[in-house]
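Novice: What follows is a single structure, and I will ask about it in a moment.
The values are calculated or read from the model by the stated rules, or taken from the named source; none is laboratory data. Please read all numbers here as calculations on a predicted model, not as lab measurements. Using ideal geometry, Cβ is built from the backbone for each residue, glycine included, and neighbour counts are taken over all protein chains shown. Note: areas computed on protein heavy atoms with side chains; ligands, DNA, RNA excluded. Shrake-Rupley method; radii C 1.70, N 1.55, O 1.52, S 1.80 Å.
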There are 2 protein chains.
Amino acid sequence: MDVEPATLTKSQAARRERVIRAALDLGASGGYDSVQMRDVATSAGVALGTIYRYFSSKDHLLAAAMVEWTHDLERRVGQRPPKGDTTAERVGDVLRRATRAMEKEPKLSESVVTALLSPDRGAASCQEDVSASMTRILSMALGDDFDPAFQAQVTRTLGHVWFSSLIGWVNGWSGFTKVSDELDLATHLVLDQYDR
Amino acid sequence: MDVEPATLTKSQAARRERVIRAALDLGASGGYDSVQMRDVATSAGVALGTIYRYFSSKDHLLAAAMVEWTHDLERRVGQRPPKGDTTAERVGDVLRRATRAMEKEPKLSESVVTALLSPDRGAASCQEDVSASMTRILSMALGDDFDPAFQAQVTRTLGHVWFSSLIGWVNGWSGFTKVSDELDLATHLVLDQYDR
DNA sequence: CGTCAGACTAGAACACGTTCCAATTCTGCG
DNA sequence: CGCAGAATTGGAACGTGTTCTAGTCTGACG
C-alpha cells in the first residue's frame, strides 16, 4: 500500500516515475480535479490498480511529486547558495526561488499543494518530508552564526508562514504577490532584531 | 447554493442550525470520515438535497461550523480579556484558550480543520472568516501600544503559525503539546524584542 | 528449462459526495 | 380562502476515488 523506493527493481522504479510524470502532466494542464486516477493510469500505460500498489491514494501520489520537487529545490540551493549580504536577504532569496517556480505553474502547484493538505496517511508523511526539507533549505540561508535553538525556531516559524500563505494562495483568497509580501515581512519581523 | 443567514426565515434558520448540529455530533464521535451527508440529513430530519441549499459542500458545512466556533471564542475573549503582564503572556493566554477547546474534542477538531483546508469555494470563504477572526483575537491580546504596521504583521504571522501547526496536528505528525510549544516559541520569537 | 510467487492487467464493483427530478408541502399575498 | 411560486422531500442517478477479482505475465531459482 506504500512502498519505499529502496526496495524497487529498475522497471518498478521506472513505472513509478511514469505514474508521477503522468499525474504532473495532468495537473499542470487542468489542476487538481483533472488529475483523475483512470486518466493517470491510461496516460502512464499502467493499470489502475497498479497505481495503488505504489501510492496509497491520489493525494499521496501528488504529494510524493511535491516531495521530489522540494528535494530538487534543496539540491539546487545546496549547489548555488543563497545570495545576499544580510541574513534576511538570503532568506528572502531562497523563499523567492521557492515561490517563483510555483508561480510559473499555477495549476500544477494548486494540485500538489491541495494534495499535501490531505489527511491521508501517505500524504501526511510527505508533509513531514516537505516541511523538513524546507527547514533545511532555510537553515542554509541562515548559516551557522546563530544560537541553534534560535535558528531552529526561526526556520520553523518561517516554514509555517510559508506553508500557511501557500494555502491562502491555493484556495484563492490571496494572490501571489500577497504570498511574497507576507513572507518578506515575516522574515524581517523575526530577523531584523539580529542583523543590520 | 450558498445563503447568508440574513435572508433566512425563522424555520429556515432553525433547519440550518439543526444541520450544523447534526454534522458536529457525527464529527465529534467519529471524525471527518464519519460525517456522511446521508447521515447528516437523516439525523437532522432533512432531505439530502436540502443541505445543499444551505451549504455548497460537506466541507462548507463543517467549515461554517468552525466559523461559528471561532466567533464564539472571539466573543468570549472580548468579554473576558486576556490575562498577563507582558504582551507575550497575553498572546499565549488567548492561543491557549483557542487550542484547549480543540484538545477536548479531538475528533471534532479534526473534522472541522480538515474541512477548512478544502479548496471548495464555500469553505475558502470560511477560511477568510476564521483567519480574520483569529487576527482580531490576537489584536486584543496585543493591545494598541504598538505601531499599527508592526501589530498587523505580528498578528498575521502568529495566525500563520497557529494555522500551520493545527494542520500538523490534524494530520497526525505532531501532538498537541507540540502545537502549544510551537506557538509559545513563535510568540516569544516575535515579541521578546519589545517587552520583557 | 520448468515452476512458482509475486506483480500486473482489465474491468467490474463499491462508497460516498453531489446533482437531478417529479411530487408535495409550505408561505406570503390578493 | 385560494393561488403562485418557492422550499422541501424521497429517491434515483452520476462521477470519481478506491477496492476487489480472476486471469496473465515475469523473473528468479532450483
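Novice: Once the Cα atoms of helix B:58-79 and of chain B are each reduced to a long axis, what angle between those two axes, in degrees from 0 to 90 to the nearest 10, is obtained?
Specialist: 40
Novice: In Å², what does the accessible area per residue of chain B work out to with a 1.4 Å probe?
Specialist: Result: 47 Å² per residue.
Novice: Given the options A:GLY168, B:ALA13, B:THR135, identify the residue whose Cα lies farthest towards the positive end of the charge dipole of the protein assembly as shown (+1 on Cβ of Lys, Arg; -1 on Cβ of Asp, Glu).
Specialist: Comparing the listed Cα positions along the dipole, B:ALA13 ranks first.
Novice: I want to verify a result. In a Gaussian network model of chain A, Cα cutoff 10 Å, which of these has the top mean-square fluctuation: A:SER11, A:SER34, A:SER164?
Specialist: Residue with maximal mean-square fluctuation among A:SER11, A:SER34, A:SER164: A:SER11.
Novice: Same structure again: So what's the angle, to the nearest 10 degrees on a 0 to 90 scale, between helix B:148-170 and the longest Cα principal axis of chain B?
Specialist: Taking the Cα atoms of chain B, the angle to B:148-170 is about 50 degrees.
Novice: Quick one: which of A:71-80, B:166-175 comes out on top by average Cβ neighbours within 10 Å, and what's the full order, highest first?
Specialist: Order by mean packing, descending: B:166-175, A:71-80.
Novice: Using a 10 Å cut-off around each Cβ of peptide B:182-190, what is the average number of partner chain Cβ atoms that fall inside? Could the numbers behind the result be given before it?
Specialist: Values: counts 4, 1, 0, 7, 8, 1, 1, 8, 5.
Shielding by partners across B:182-190 averages 4.
Novice: Moving on to the next point. Tell me the distances, shortest first, between A:ASP85 and the same position across the other copies, using label points 7 Å along Cα→Cβ, in nm to one decimal.
Specialist: 4.1
Novice: Would you kindly work out, in nm and rounded to one decimal, the distances from the label point of B:GLN36 to those of the same position in each other copy, ordered shortest first, with label points 7 Å along Cα-to-Cβ?
Specialist: List, nearest first: 2.4 nm.
Novice: Still on this structure, please answer the following. Output the Cα-based Rg and Dmax of the protein assembly as shown in Å, rounding Rg to one decimal and Dmax to a whole number.
Specialist: Values for the protein assembly as shown (Cα only, Rg and Dmax): 21.8, 65 Å.
Novice: Hey, got the dipole for the protein assembly as shown? About the Cα centre, +1 on K and R Cβ, -1 on D and E Cβ, debye to the nearest 20?
Specialist: 1200
Novice: Now a separate question. In nm to one decimal, list the spacings between the B:ARG21 label point and its equivalents in the other copies, with label points set 7 Å along Cα to Cβ, shortest first.
Specialist: 5.7
Novice: Let me ask something additional. Keeping all protein chains in the complex and leaving out DNA, RNA and ligands, what accessible area do you get for A:SER57 with a 1.4 Å probe, in Å² to the nearest 10?
Specialist: Result for A:SER57: roughly 20 Å² accessible.
Novice: Roughly how big is the A-B contact, given as buried accessible area in Å² (both sides, 1.4 Å probe, nearest 100)?
Specialist: Summing both chains' loss of accessible area gives about 2600 Å².
Novice: If you take each beta carbon of peptide B:171-178 and count the beta carbons of other chains within 10 angstrom, what is the mean?
Specialist: 3
Novice: If packing is taken as the average count of other Cβ atoms within 10 Å, what order do B:82-93, B:179-190, A:95-106 fall into, highest mean first?
Specialist: Working: B:82-93: 17.7, B:179-190: 20.3, A:95-106: 16.2.
Averaged packing, sorted descending, gives the order B:179-190, B:82-93, A:95-106.
Novice: Placing +1 on the Cβ of each Lys and Arg and -1 on the Cβ of each Asp and Glu in the range A:53-161, which of A:PRO119, A:THR70, A:LEU108 has its Cα farthest towards the positive end of the resulting dipole?
Specialist: Going by the charge dipole, the pick is A:LEU108.
Novice: Farthest toward the dipole's positive end in chain A, which of A:ALA98, A:ALA186, A:LEU24, given Cβ charges of +1 (Lys, Arg) and -1 (Asp, Glu) about the Cα centre?
Specialist: It is A:LEU24, whose Cα lies furthest towards the positive end.
Novice: Next up: Taking the full set of protein chains and a 1.4 angstrom probe, give the accessible area of B:CYS126 in square angstrom, rounded to the nearest 10.
Specialist: 10
Novice: Given contacts defined as C-alpha pairs under 8 Å and at least six residues apart, what's the relative contact order of chain A, whole-number percent?
Specialist: 24
Novice: Please work out the Cα center distance from the range A:22-67 to the range B:133-160, rounded to the nearest Å.
Specialist: 41
Novice: If you place +1 on the Cβ of every Lys and Arg, -1 on the Cβ of every Asp and Glu, and leave all else neutral, what size is the dipole of the range B:5-191 about its Cα centre, to the nearest 20 Debye?
Specialist: Dipole of the range B:5-191, to the nearest 20 debye: 760 debye.
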